1. Residue by residue through segment A:94-110, note down the ones that are assigned to a strand (DSSP E or B) and either among the aromatic types (F, W, Y) or buried (at least 17 other Cβ atoms within 10 Å of the Cβ) (or both).
2. If B:L109 passes every condition in (1) in contact (Cβ under 8 Å) with a residue 60 or more places away in the chain; (2) under 22 Å from the mean Cα position of the chain (by Cα) but one, which one does it miss?
3. Within the bounds of segment B:137-147, is there any residue that is more than 14 Å from every other protein chain (Cβ to nearest Cβ), among the basic types (K, R) and outside any helix (DSSP H, G or I)?
4. Of everything in segment A:80-93, what is within 19 Å of A:N34 (Cβ to Cβ) and surrounded by fewer than 20 Cβ atoms within 10 Å (Cβ to Cβ)? Give them in sequence order.
5. For segment A:111-146, which positions are away from chain B (no Cβ under 12 Å) and part of a helix (DSSP H, G or I)?
6. Tell me which residues, restricted to segment B:116-140, are under 21 Å from the mean Cα position of the chain (by Cα), surrounded by fewer than 12 Cβ atoms within 10 Å (Cβ to Cβ) and either over 30 Å from B:L165 (Cα atoms) or in contact (Cβ under 8 Å) with a residue 24 or more places away in the chain (or both).
7. Would you confirm, using the coordinates I've provided, whether B:I151 is within 14 Å of another protein chain (Cβ to nearest Cβ), touching a residue at least 60 places away in the same chain (Cβ under 8 Å) and surrounded by 21 or more Cβ atoms within 10 Å (Cβ to Cβ)?
Amino acid sequence: MAVPERSVMEHVEQPVEPAPSVESSPPLTFQVKNLSIWYGEKRAIDNVTLDVASNAVTAIIGPSGCGKSTFLRALNRMHELVPKTRMKGTVLLQGQDLYSSTVDPAIVRRRVGMVFQKSNPFPTMTIGENVVIGLRLNGVRNQKLLNERLEKSLRMAALWDEVKDDLHKPGTSLSGGQQQRLCIARTLAVEPEVVLMDEPCSALDPIATAKIEELISELKTKYTIVTVTHNMQQAGRISDYTAFFYIGRLIEFGPTTKIFTNPSERQTEDYITGRFG
Amino acid sequence: MYSRGADNHTWRKIKSALASGIAFVSALLVIAPLGLVFFHLLVNGAGSVNWDFFTKLPAPVGAVGGGMVNAIVGSLELLVLASVIGIPVGVLGGVYLAEYGSARINSVLRFMGDVLNGIPSITWGVVVYGLVVLRFKGFSAYAGGLALGLIMIPLILRTTEEMILLVPNGYREAALALGVARWKTIVHIVLKTASRGIITGILLALARVGGETAPLLFTAFGNRFWNHSLNQPIAALPLQIFTYAISPYDDWHRQAWAGALVLVTGVFCVNILVRLLTRGRGVSVV
């Protein structure tokens, strides 16, 4: 299927309704309303309503199995890969319903990229091929454009200086932290609007973690970022907003400074202070 | 009760030595046939493997000499025909099993694949005889290739499925999260990652059917001359060996040994190739 050369974003549908402007609130990227998700009979997300601000880092925290990964995956329809999933509620991206029957999940995922817990560069590809594979498989053939995107994405992922002479080496030859930044570059190369991160640092050492955290803070000027983390200090360091999930429910959501210094809910306080979880 | 401690220790050592001794002998018995076969073939066949064997047609009855070039080429042609049928169906079926099918359908398909793998190869010959040879009124290379291809399908099906299932899910998710369509993810990411294992499975299937005689007996039929059309009977190395081995002529017997040696060497080479492929450098899921 040879798609003619053009930006991969071109065939994205226009928003069906303009994003409602909320006075004295930052612009919103996602508006999640009454979202519930089931895996078979098990309810993983229970009636969650949450707005994600644009060009900010929103952290999702909570103990294991609380549904934070499921919630993240619902933002780009990745949770649908699990058989027998069911969802209720709406997720609006820039005012457009992601779950409308006319929306192709592949297009959603081009607009909402994802970085995973375990770095997963494609083992059959070089560093360079890994970065541009998303564009290639989405039909971009223009070598000049691919080369531009390659350098731009690697620079944004703060990896260019380390790998610019080794672009032909296998992606798996890099260290763990570099591999994770390579995966970030791969995600950025398709020029998404949002980057979702599912515990991007949990498999990395402190130095590599610090680099990724720094990177996240830089990326938020251009992208909206939603990240799941197990690490409370990390959520405190990098995020502007924090959502606390517990057993599939959103317990509390607000500016990170408030959640961490003056939480309204007892459960949030208990979790943050390490009394459970 | 514990007073015989020392004796007990000796007795346990003897038992242990016995057990490992028996296991060792069993292992030898496993390898021995391969050594015997190869040794026997070398002794009886090596003398007749010469330039003529690879370049000449079979000599007329009574005349000494000649070769099996038509059977060697014929076997290769049959393998190509079998691949045309067996590889696409087997690989795509494996993709279906590993990536698409529902659990219930898959268990049925898998069971049938295993049953097919267990069907005696001569049965395939009979089936193709009934379906193709009788209908088109003649033995042909097509019929022989079809019979071999049908044997390859379940072999390749199962290895492809297993190799694809070894590809970590993270790679699929990574590609899908880039907005890559499902089928492109399967072709460009999953199959590429599993390619070495799948090629290995294909080579092993080819090695297996390359030595099959029974399914060719009444499909490809054999031919003492060149095959000029795939609609006509074609020679194959195993068939030629069979014909020569049951003949009353000493010279043909020698050639049958030579043919068997060439065939076994070919299969051996394929297996070594597989070894090299699966050992190779770089990353592999195998």
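Just so it is clear, none of the values below were taken in a lab; they were calculated from the coordinates. Note that this is a predicted model, so its numbers are computed, not measured. When we count neighbours, we look across all protein chains shown, and the Cβ atoms used for this are built from the backbone with ideal geometry, even at glycine.
1. Of everything in segment A:94-110, just one residue is assigned to a strand (DSSP E or B) and either among the aromatic types (F, W, Y) or buried (at least 17 other Cβ atoms within 10 Å of the Cβ) (or both), namely A:Q96.
2. Tallying (1) in contact (Cβ under 8 Å) with a residue 60 or more places away in the chain; (2) under 22 Å from the mean Cα position of the chain (by Cα), B:L109 fails exactly one: (1).
3. Checked against the condition, which is being more than 14 Å from every other protein chain (Cβ to nearest Cβ), among the basic types (K, R) and outside any helix (DSSP H, G or I), segment B:137-147 yields at least one hit.
4. Within segment A:80-93, A:E80, A:T85, A:R86, A:M87, A:K88, A:G89, A:T90 qualify.
5. A:I127, A:G128, A:Q143, A:K144, A:L145, A:L146
6. B:P120
7. no
Yes or no, residue by residue, for (1) of a type in the set (K, R); (2) touching a residue at least 12 places away in the same chain (Cβ under 8 Å); (3) surrounded by fewer than 23 Cβ atoms within 10 Å (Cβ to Cβ):
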{"position": "A:I133", "(1), (2), (3)": "no, yes, no"}
{"position": "A:L145", "(1), (2), (3)": "no, yes, yes"}
{"position": "A:R186", "(1), (2), (3)": "yes, yes, no"}
{"position": "A:V190", "(1), (2), (3)": "no, yes, no"}
